Amino acid sequence: MIPFQIHRRIPFVRRPFIQRDQLIRERNELTAQLRQVTRERDAARTGSLSPKELYEGALKVGWWFHSVDLGDGYYTPGLKSKEQMAGEAEKWEFPANLTGKTVLDIGCADGAYSVLALKRGAKSVLAIDEQITGALAFLLEARAFSFEFRNISLFSDEFMMLPKFDFVIFAGVLYHTQDPMLALNRVYRVTGGSALIETHVNGSLGNDRPCIVFYEGNELNNDWTNWVGPNPACVEAMLRTAGFVFRRTTLVYATPDNGRASYIAEPKKQS
């Protein structure tokens, strides 16, 4: 009787099992979506302060360059607005999905793009800079995010000991170096996958051939830390010389001698 009963019940339970499997799949999809929303909201926060508490603390810091997403709609009061930074990331083609990737942020400033990499799924982020801003110090002390920070220079021996990373951020740094070719050689050294390279460009000498302007003083934006103004042809020649293949993602000029260009670059495959 038992085998007969089982045999007769099969047609009646087959459809409910199919519905159950579908419900399980939908539940798993919703769970994955919830985890993604939670990741974006929290941005890998590791400290005990809420986004509101972080925001209130950020207001006391003083000057911020980046508008850092603290979660729950709170941003630090950066010189660069959240809209400007979101627009830059989109135009630069900052990867939408960095799940499982290792990321290096060279010249991280206040750390906003390190945070963005975490929000987009990066497995680990190492942020480096030769100086630490008061804003970044606040985020580190509050343990606001899970990226690692090291106070090292692009031109240090310690930098050359770093491993290769899946994605390298090198934004707003090249023109602050006195030796941009050496800088790109070093960026190439740590790029295992791709690199986002963004820089000031000077088009006042045209773009027919590679040219670079040297700023002895504060000629560029009244900033003594700006040293060089390559034209796009020069940036691209240096990228090729360093060993990159690339595509330009943006080129905009405020004036002929003051523009910005960005590239997604990858190490050239050895033949």
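The values are calculated or read from the model by the stated rules, or taken from the named source; none is laboratory data. Fair warning: this is a prediction, and the values are worked out from it, not measured in the lab. Heads up, the Cβs are rebuilt from the backbone with ideal geometry, glycines too, and the neighbour counts pull from every protein chain shown.
Filter the range 49-107 for residues that are of a type in the set (Phe, Trp, Tyr) and not assigned by TED's automatic domain parsing to the domain that holds residue 125 and give the result. Write out each step before concluding.
Our first condition is that a residue be of a type in the set (Phe, Trp, Tyr); within the range 49-107, this holds for 55, 63-65, 74-75, 92, 94.
55, 63, 64, 65, 74, 75 - these are the residues of the range 49-107 that are of a type in the set (Phe, Trp, Tyr) and not assigned by TED's automatic domain parsing to the domain that holds residue 125.
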Report, ordered by the first and then the second residue, all pairs with beta carbons closer than 9 Å, sequence separation of six or more or different chains, a first member in the range 107-131 that is part of a helix (DSSP H, G or I), and a second member that is buried (at least 24 other Cβ atoms within 10 Å of the Cβ) and of a type in the set (S, T, N, Q). 112/76
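Select from the range 168-182 the residues that are more than 19 Å from residue 248 (Cβ to Cβ) and either touching a helix residue (DSSP H, G or I) at 6+ places or on another chain (Cβ under 6 Å) or in a helix (DSSP H, G or I) (or both) and list them in ascending order.
Our first condition is that a residue be more than 19 Å from residue 248 (Cβ to Cβ); within the range 168-182, this holds for 176-179, 182.
If the condition is that a residue be more than 19 Å from residue 248 (Cβ to Cβ) and either touching a helix residue (DSSP H, G or I) at 6+ places or on another chain (Cβ under 6 Å) or in a helix (DSSP H, G or I) (or both), then 176, 177, 182 are the ones that fit.
Filter the range 64-95 down to residues that are of a type in the set (Phe, Trp, Tyr) and in contact with a Ser or Thr (Cβ under 8 Å, 6 or more places away or on another chain) and give me whichever is surrounded by the fewest Cβ atoms within 10 Å (Cβ to Cβ). Give the derivation first.
Step one: of the range 64-95, the residues of a type in the set (Phe, Trp, Tyr) are 64-65, 74-75, 92, 94.
If we keep only those that are in contact with a Ser or Thr (Cβ under 8 Å, 6 or more places away or on another chain) as well, we get 64-65, 75, 92.
On the way: 64: 23, 65: 16, 75: 19, 92: 20.
Going through the qualifying residues, I end up with 65.
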Selection from the range 174-189 of residues that are in contact (Cβ under 8 Å) with a residue 60 or more places away in the chain, crowded, with 21+ Cβ neighbours inside 10 Å and over 15 Å from residue 126 (Cβ atoms): 174, 184
